[in-house]
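One structure below.
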Amino acid sequence: MSARILVVDDEEIVLRSCLRALGDSGYQTEGVQSGAEALAKIEDGRFDVLILDIMMPRMDGIEVLRRVKETHPDVEIIMITGLAQIDTAVSAMKLGAFDYLPKPFDPDELKLAVERALERRRLLQENLTLKSEVSSRYRLENIIGASPRMQGVYRLIAKCAPTNSTVLLTGENGTGKELVARAIHYNSLRKDGPFVPVDCNALSENLLESELFGHVKGSFTGAVASKRGLFEAARGGTLFLDEIGNISLPTQAKLLRVIQEREFRAVGDTRSQEADVRIIAATNKDLAAMVKAETFREDLYYRINIFPIHVPPLRERREDIPALAFHFLNIFSRELGRKAAGFSDGAMNLLVNHAWPGNVRELENTVQRALILAGDGVIRRAHLASLADALPQPEQDVPRNSEQLKQAKKAAREKSVEGIEKEFVLEALRRNAWNVTRSAEETGMQRANFQALMKKHGIHIRDAHKDQAAPGEA
């Protein structure tokens, strides 16, 4: 079914123009000329996108925006404004509007804005659907992300969780592999049993074997009493072996036997015990390469790699960063008893464009530190100085002497004005995740002037977005 769009504008010529352009594109459209009529239409029928004029008599567009977002937050709203109301349009976006179009605009601009609004709505709804399918069965509330990469992870969790299969989670440190392991456990048939995590990286070879399988009194020096191992502690539940790539070859051999025979022996014991556990393993290493290097057993690799799930690094799902940042901000504001007003545009831009080598864990720590520094609860660029210092420096430094200045001027002349303008626009779009409004604001341009440069150089969001991977796209 085609999307339903409601256009609200008191100027009949603008209203008819919008309806005609959107109708020609196959959308189901309706139009009204007042805020009161718009609210009545929204209540009577379901609309996907609302095209809303700011300046209208009796009830202006801002008031309609507030009311619609209170009752129908899933409706995407695009504001129509004259150049004199640009500041009001920006305020509207802070209240929940998706974008704004300054008059006059052409049909292609309107269609593109609607397409982008529908795409965001589709992604959000798909994520909500995926989570609603599993929320009653999986504990996913702490896994934040609506990006396509994370939706793929949700689907794999939904597939493997009801089974008893061994799962191998791969991904860099700090990506949230343990959260995924817990989500799998809490929907498994073993959900009422224990979830027992063990950090294989933190234990020596002898200690790891004793921790996993337990030991009997007197089995080695210092074993003054018998001790139950983690396989026994996890009976009827799930044993999560984090950083499995760090265990020694002898321990790998014993672990392989447990998986194959479904039984184990405590260190120094002659009796076998049933290994009634599900194993979920995780690693940040390339186990296939370790197999080739003969530092990881091939037979164990194939035993644990039955159902692999890769948890993507944060830099490959940048569109999830704002939601994660606000999630951590809410958590730490409660813990610290601090007011949390949010992030400035500059701070959020810095967060979205940072490389995040430490992934979600690094973002969590960064938000906590920034909130401590932010006296009024608004996190600004100044509170993220460590991130700003880590940004790559421009390839060309500011000239320091007359000779450098001469060379710089010569290089600038060799590059055409058109080329500089085009790169200027493209780089601004890349930095701002291909959002025209944010790009114009960051560069200090009027949105209409920025769009004029885009038109001049034939830059179209859809085409550029396909040909040049935008930040955050997988």
* So for D53, D48, D10, D108, fewest C-beta neighbours within 10 Å to most, what's the order? -> D108, D10, D48, D53
* Structure fact -> Sequence order, segment 275-286: Karplus ³J(HN,Hα) from phi using 6.51 cos²θ - 1.76 cosθ + 1.60, θ = phi - 60°, Hz rounded, Gly and Pro as x, gives 9, 8, 9, 9, 9, 10, 10, 9, 7, 9, 9, 8
* Can you list the residues, at least 5 places off or on another chain, whose amide H is less than 5 Å from the amide H of S226, using H built in the peptide plane? -> K217
* For a footprinting-style exposure proxy, rank T270, T295 by other Cβ within 10 Å, fewest first. => T270, T295
* Taking the mean number of other Cβ atoms within 10 Å as a proxy for protection, how do you rank 341-353, 24-36 from highest to lowest? -> 341-353, 24-36
* Structure fact -> Highest mean packing first, using Cβ neighbours within 10 angstrom, the peptides 369-381, 232-244 sort as 232-244, 369-381
* So for segment 146-312: antiparallel DSSP bridges make up what percent, rounded to the nearest 5? -> 15 percent
* Structure fact -> Out of G229, C200, P312 - ranked by how far each Cα lies towards the positive end of the dipole of segment 146-312, with unit charges on the beta-carbon of charged residues - the top one is P312
* To do: Specify the inter-centroid distance of segment 317-357 and segment 184-262, based on alpha-carbon positions, in whole Å.
  => 37 Å
* Rg over Rh [alpha-carbon atoms, Kirkwood Rh] for segment 146-312 -> 0.98
* For segment 347-352, Karplus couplings with θ = phi - 60° (6.51, -1.76, 1.60), whole Hz, Gly/Pro x -> 5, 5, 4, 5, 4, 5
* Counting Lys and Arg as +1 and Asp and Glu as -1, each charge on the Cβ, what is the dipole of segment 1-62 about the Cα centre in debye, to the nearest 20? -> 180 debye
* To do: Could you work out how far the C-alpha centroid of segment 149-169 sits from that of segment 1-35, in angstrom?
  => 43 Å
* Determine the shape class of segment 4-127: with a ≥ b ≥ c the square roots of the Cα gyration tensor eigenvalues, call it rounded for a/c under 1.5, and otherwise prolate if a/b is greater than b/c, oblate otherwise. => rounded
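Cα-Cα over 22 Å: which of K111/K455; K177/K285; K227/K254; K41/K103; K159/K285?
K41/K103; K159/K285
Values in this text are rule-based calculations from the coordinates and carry no lab data. Please read all numbers here as calculations on a predicted model, not as lab measurements. Please note: Cβ atoms are built from the backbone with ideal geometry, for glycine as well, and neighbour counts cover all protein chains shown.
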